[in-house]
Structures are given as structure tokens and as C-alpha cells.
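Worksheet for the structure shown next.
The values are calculated or read from the model by the stated rules, or taken from the named source; none is laboratory data. Here the structure is a predicted model, which means the values were calculated and not measured. Note that each Cβ is placed from the backbone with ideal geometry, even for glycine, and that neighbours are counted across all protein chains shown.
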Amino acid sequence: MTILAFDTATRATAVALRDDHGLELEARDDPAPGERPRHNTRLMALVLELLARAGLGWEAIDRIGVGVGPGTFTGLRIGIATARALAAARGIPLVAVSTLKSLALGAFSAESHHEDVIAALDARRHEVFAAGWHEDASAEPFLAPVAIAPERLGELIVGRGSRPLVIGEGAVEFKAVLERANAVIPEQASVLHRVSAVNHCRLAAGLRPEAPDHIHPEYLRLPDAEILRRSSGNR
């Protein structure tokens, strides 16, 4: 099975191709600190770049996997809309991939020697999107995906009594808070903090395809604009 997968839940745009015969290619765009995400301009360019590098046409793609977050609202909308359009136009089965689970899979695949892994993405508003797994990212999470303050996540870590590996941009942003709770945070430059579409491909191989219009973002909370509208009394 040849799988094309991509993720736009974070500031990065990550795309990968993988098959059962050793093909594994990834291309990504990582904006520098302070730069805006470039999902809208880079996503399809990276997809076409990988297809060209692999010498493949659309007819060779057996499945598309798209990261459904949680993550940035604009990024998720771009990625999922693109995936839906490609799946519908090309007749390719489509699956939804959890961005947090994919991030955790990268740590388990790297044999980090930590039984507990928590994936944490920066959710802004002094919160992280987080989820945690014990020994295997394909198992049920001990911490279901949630938008949570880093201090509260630290309390949950202390209550669990383990020393988890916490990865992702949220872990980097709130490293001091989480380390006080006995979490292990890799160095900022570690690849474990990066969402990899290769892991999306691995997860997508075991997921059941859905109709394109059934694929939705996992926002976990309301967008800023909606919260502002409600707080102003415009319901």
C-alpha cells in the first residue's frame, strides 16, 4: 500500500510518502520563529514535489492520511479541505490521523525507553493540547486529548507517579513547568518535538477510510473569534 499523508496542525507543513516496499520520503516547511505558517502556499507544492521525487502519479496512491489535530484552526482547515478535495477528485480512500498520536508514535518508534509518552502542542492562551500513552501509541491513551493549562498537566503527571517523556512544541514552551512535575523534556532541537508525516503514514495504514465529508478537525475548544463573539453577548 502506498500512502500519502500530510499535517498542517502546527506552524509546520509536513508531507510524506510511504509504501510496503521501503519507500519513505518526507518534505516539510518549518517557518522560522516569528514567521507565519505557509500551509496555503506550501502544502500542494510539497505534495507534488514528493510525487515527482518518487516517480509516482496519483494512480499509485492507495490512501491519503490527513492530520486532524488538534492544532491551529486555519492550518487544520487548509489541510483537511485539501485532503477532502484530493480524495474526492481522485477517488482515493481518506483517513483521519490524530496529530498527537502521530507525535507520540515518533517517540515510541525512537525507543526512547520511557513507558509513558505525552504529546503536547502549544494551544496558546497559556494552554497545551495534550494526550498521553503508556508503552504503545496504538493503545488507549491514559490521558485523552485535552486542552489544558501546563500547571494542570503537571498536576496530572505528579498524580500518575511516573516520569513521562513529554514532547512537542508545547513541551518546549512550558519546559520549566513540566520539569518541575518530574517530566523529561528533550532538548529544543530534538526531532521528537516535530510532527512527522511519516508517522501519519504508519498510522494511516491501520485506519478505516471514511467519506471525505466525514473527516473533521479535532479542535478541542472554540476558536478565539467565537469566544470573543460569545463574551460580547452576540450569541
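Worth a mention:
- You will find that of Leu207, Leu203, the residue that is surrounded by fewer than 19 Cβ atoms within 10 Å (Cβ to Cβ), hydrophobic (A, V, I, L, M, F, W, C), in contact (Cβ under 8 Å) with a residue 40 or more places away in the chain and in the same structural domain as Asp62 (by TED's automatic domain parsing) is Leu207 and no other.
- Listed here are the strands (runs of 3 or more DSSP E) enclosed by the range 1-87 that have at least 3 residues being touching a residue at least 12 places away in the same chain (Cβ under 8 Å) and under 23 Å from Ala211 (Cβ atoms): 3-7, 63-67.
- Filter pass, Glu111 being assigned to a loop (DSSP other than H, G, I, E, B) and out of contact with any Ser or Thr (no Cβ under 6 Å at 6 or more places or on another chain): yes
- Qualifying residue in the range 133-148 (condition: buried (at least 20 other Cβ atoms within 10 Å of the Cβ), at pLDDT 95 or above, touching a Gly at 6+ places or on another chain (Cβ under 8 Å) and under 22 Å from Pro33 (Cβ atoms)): no
- Flag for Ala183 being touching a Gly at 6+ places or on another chain (Cβ under 8 Å) and not assigned by TED's automatic domain parsing to the domain that holds Thr72: yes
- For the range 14-29, the set of residues classified as closer than 16 Å to Val195 by Cα and surrounded by fewer than 15 Cβ atoms within 10 Å (Cβ to Cβ) consists of Glu24 only.
- Residue within the range 93-108 that is out of contact with any strand residue (DSSP E or B) (no Cβ under 9 Å at 6 or more places or on another chain) and either small (Gly, Ala, Ser) or not assigned by TED's automatic domain parsing to the domain that holds Ile215 (or both) present: no
- Filter pass, Leu222 being outside the structural domain of Val117 (by TED's automatic domain parsing) and at pLDDT 95 or above: no
- Residue within the range 49-62 that is of a type outside the set (Lys, Arg) and either at pLDDT below 95 or touching a Gly at 6+ places or on another chain (Cβ under 6 Å) (or both) present: no
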